[in-house]
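My questions all concern the structure below.
Every number here is computed from the coordinates shown, using simple stated rules; none is lab data. Since we're looking at a predicted model, the values are computed, not measured. Glycine also receives a Cβ, built like all others from the backbone with ideal geometry; neighbour counts cover every protein chain displayed.
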């Protein structure tokens, strides 16, 4: 099998994490870390980057025990065979295969089931986030006892390099929108590079098949009131360009827009109902004020009618004949605003019921997993 030329050496800085964290493993048992690396058609970089990851994790062995789990998600270019050959030379590297490409969500879900670590760190196979992010993520999750730590290139201290401008603009604004609608004001909700508490992650019962698995994790973690932290990160697409192995953006603009709007709706449905409803209600009040002004102007000119109801009725007719758009627009806007506000209240109520059911379901799911684990570990009765 022909092996394509590797990419340039990823940035490795073993001293990029605090000294006290490196010494912490000297006393007591070292935490076990699972590094999850999904791969799809990555034959050009798989050997080089797995070597870089193993070299970097070797620097952390005073602090952590570790394993690397590679999910070959239906690659058609020899990625699986190259990863298998590499794993044969490393006892703590495991490779799992999908015969067809199921998508990122399914790859991660499958990997999470096989992780044995206390913590799980997810990385891209192309190492567009360099390996030194691992120590930063692990230090943060241990320091804060968070359940999820997100690597964010969009927060203060983060940066992007060599990312196509269209991809950068769309990604930045998508994350700004999601950070606005999601509680906690996260600067990145769609990124994959994160650290997780394994037990918490395995209790979430994830469903997504594709890239939507990343906001799904955050959404369900927020429902459970889990602590989520973030660290600044450097997203760099330059490594492949250095070796002439270009990276193409997989972002599809129409699909990505629907994806962002859908998760924005799940995070805060009031944005789609209550806020537009209230805005439309204010507009309806403005138009209807002009409708009443036109009515009173006509009412004052109809002094020949003595009875109030006759005078008012003809005033309405005259005002409608002169300004029909005011009556139509004002009435339609008022009716739509009431409907949107009503829908918003119903959706918020449904969301509240869903959160209660989700809490109950997650608790039962976790208890069932713990029971199955205890039965698996229990020795056979003689």
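Checking the a/c ratio against 1.5 first, then a/b against b/c, what shape does the Cα gyration tensor give for the range 98-195?
Here the range 98-195 falls in the oblate category.
If I compute Cα Rg over 2.2 N^0.38 Å from the structure I just sent, which labelled value in [x] 1.07; [y] 1.36; [z] 0.99 lines up?
Looking at Cα Rg over 2.2 N^0.38 Å for this model, the match is [y].
Another question, if that's okay. What ranking do 175-183, 148-156 get when scored by the average of other Cβ atoms within 10 Å per residue, highest first?
Output ranking for 175-183, 148-156: 148-156, 175-183.
Right, something else. For the pair residue 321 and residue 169, how long in nm is the line joining their label points, each one 7 Å along Cα→Cβ?
According to this spin-label approximation, the distance is 5.4 nm.
Points 7 angstrom from Cα along the Cβ direction at residue 314 and residue 100: gap in nanometres?
Taking the simple label geometry, residue 314 and residue 100 are separated by 7.7 nm.
I need the calculated FRET efficiency for the pair residue 51 and residue 161, taking r as the beta carbon distance and R₀ as 22 Å, to the nearest 0.05.
Given R0 = 22 Å and the Cβ-Cβ separation, E is 0.45.
Applying a 10 Å radius around every beta-carbon, put 346-355, 89-98 in order of their mean neighbour count, most first.
89-98, 346-355
Something else: Multiply the residue separation of residue 335 and residue 90 by 0.36 nm, subtract the distance between their alpha-carbon atoms, and state the gained length in nm to one decimal.
Contour length minus Cα-Cα distance gives 81.5 nm.
From Cα pairs below 8 angstrom and at least 6 apart in sequence, can you work out the relative contact order of the chain, rounded to a whole percent?
16
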